[in-house]
């Protein structure tokens, strides 16, 4: 479900408030986890090895930072790790995308019913 994954909202004030206590490694791990969550449009795997891979965590300190970020900001949902905020933002993004798509289709069907505006303009100019 990687639909429209070029962007995600990032609220710097919220992030700074919620993460001011993180170490540099924890901050990096958390941002990589968020990037993956938003890019895939789905929750994270509840598997430390997969999380380490997502974060490129190789050293013991890096791996500890990944688990620290996971334990603080994500909750277990069976075989997945979820973020309520990420899920809400993804749902909002999908809703906006569906609305825009429906509006475009409606606009296109109105144009087809009335004849193509481009063709009419071209005829007037010719």
**Request:** Between residue 94 and residue 7, with labels modelled 7 Å along Cα→Cβ, what's the label distance in nm to one decimal, could you check?
**Result:** 2.0
**Prompt:** So if R0 is 22 Å, what FRET efficiency would residue 110 and residue 87 give, r being the distance between their Cβ atoms, rounded to the nearest 0.05?
**Reply:** 0.05
**Item:** Likely footprinting exposure, 26, 49, 62, fewest C-beta neighbours within 10 Å first
**Value:** 49, 62, 26
**Message:** At a threshold of 8 angstrom on Cα-Cα distance, excluding pairs fewer than six apart, so keeping six or more, what relative contact order does the stretch 10-123 reach in percent?
**Reply:** 23
**Message:** How far apart, in nanometres, would the label points at residue 102 and residue 14 be if each is projected 7 angstrom from Cα along the Cα-to-Cβ direction?
**Reply:** 2.4
**Request:** Kindly list the residues of the stretch 7-49 that lie in the label zone of residue 64, defined by a backbone N under 16 Å from the point 7 Å along the Cα-to-C-beta vector.
**Result:** 22-29
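Here, each number is a calculation from the coordinates, and none is a lab measurement. For clarity, every value in this text was computed on a predicted model and none was experimentally measured. Please note: Cβ atoms are built from the backbone with ideal geometry, for glycine as well, and neighbour counts cover all protein chains shown.
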